[in-house]
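The values are calculated or read from the model by the stated rules, or taken from the named source; none is laboratory data. Being a predicted model, the structure only gives us computed values, none of them experimental. As a convention, Cβ positions derive from the backbone with ideal geometry for all residues, glycine included, and neighbour counts pool all protein chains shown.
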Amino acid sequence: MHDLLRKFFGIRQKRRNLPAGSVPAVGACLVRDGITMKVTVPLDEELWDWMQLSDWRVVNVPHERRHHVKLPDSALKHLVAADHENRAKVHAHLLHISKSKSK
């Protein structure tokens with residue numbers, strides 16, 4: 001009910017981006033613009049820096065109530081396997097998958 005009232009009166013505020021952090025552990029959840037991806041393989045520092053520049057952040061909230069589109073568990077494996085030249089293309093493909101899931 002409280003949520004409905006906040007929506008009705010237009011007093012909702014957009015949340016700011018989460019701060020950048022250290023490399024997430026396997027099992028952590030990453031979020032970007034309503035898309036969630038689970039960390040299924042270890043990330044190296046260089047890939048994590050690239051992902052942070054692409055606005056990916058670690059979800060630190062234990063019980064996330066926001067609704068996100070979940071990417072398949074294999075999504076991060078594809079991103080890790082991509083070389084530097086094709087990484088942006090694979091990332092764009094993953095975002096395209098998420099948009100088609102949300103429709």
Exercise. Of everything in the range 43-68 that's hydrophobic (A, V, I, L, M, F, W, C) and farther than 17 Å from Gly27 by Cα, which residue is surrounded by the most Cβ atoms within 10 Å (Cβ to Cβ)?
Worked result: Trp50
Exercise. Hey, does the range 61-75 have a residue that's closer than 18 Å to Gly34 by Cα, β-branched (Val, Ile, Thr) and modelled with pLDDT of 90 or more?
Worked result: no
Seminar exercise, completed: Residue set Ala82, Ala88, Ala92; condition modelled with pLDDT of 90 or more and surrounded by 14 or more Cβ atoms within 10 Å (Cβ to Cβ); output residue Ala82
Exercise. From the list Gly21, Gly34, Gly10, which one is farther than 21 Å from Lys99 by Cα, surrounded by fewer than 17 Cβ atoms within 10 Å (Cβ to Cβ), modelled with pLDDT under 90 and in contact with a strand residue (DSSP E or B) (Cβ under 7 Å, 6 or more places away or on another chain)?
Worked result: Gly21
